[in-house]
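First the structure, in the form of structure tokens, and then the observations on it.
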Amino acid sequence: NSNTSNAYKQLQEEKLAFEEQVKESEIVFCSDTAMLISQINTLAKDKESAEAAIIEEKANKKVPFEKHVTESKAAFLLDAETLKSQIRALEKDKESAATAAKALKKERLNFEKEFNDVRALL
């Protein structure tokens, strides 16, 4: 009877010790789980931040390029207008030169006529 009682007491103590170990393991497991969930949430936020930074970087690269294209187009259009203006000025100069050439030709013809008239008199 005393052996049975001692064996029962020992089993009770082992059971209590085992239950205490289970409780401690559950506490550690819950703590580890909470820590892992926190790390997962932090990684998810880091991923979102990285994705947002990548999107912003792409947008920043795109804006200067588009700005450059717009500025280049504006400069090209300004150059084209300048060239058109220069062409119009050259056309006016050409017309003036043609008019001057006609006047010079007329003067030359008059000079030649006068020269021939004077020569004929001699």
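The values are calculated or read from the model by the stated rules, or taken from the named source; none is laboratory data. Worth saying up front: this structure is predicted, and the values here are computed from it rather than measured. Don't worry about glycine lacking a Cβ; one is built from the backbone with ideal geometry, like all the others, and counts go over all protein chains shown. Each accessible area value is taken on the protein alone, full model and side chains, heavy atoms only, with ligands, DNA and RNA left out. Shrake-Rupley method; radii C 1.70, N 1.55, O 1.52, S 1.80 Å.
Within the range 37-56, the set of residues being open to solvent by 100 Å² or more (accessible area, probe 1.4 Å) and within 23 Å of the chain's Cα centre (by Cα) comprises 47, 48, 55, 56.
Residues that are open to solvent by 70 Å² or more (accessible area, probe 1.4 Å) and either of a type in the set (A, V, I, L, M, F, W, C) or in contact with a Gly (Cβ under 8 Å, 6 or more places away or on another chain) (or both) within the range 70-100 comprise 76, 77, 78, 83, 87, 90, listed in sequence order. When 59, 34 are checked against the criterion of being without any contact (Cβ under 8 Å) to a residue 12 or more places away in the chain, of a type outside the set (Asp, Glu) and surrounded by fewer than 10 Cβ atoms within 10 Å (Cβ to Cβ), a single residue qualifies: 59.
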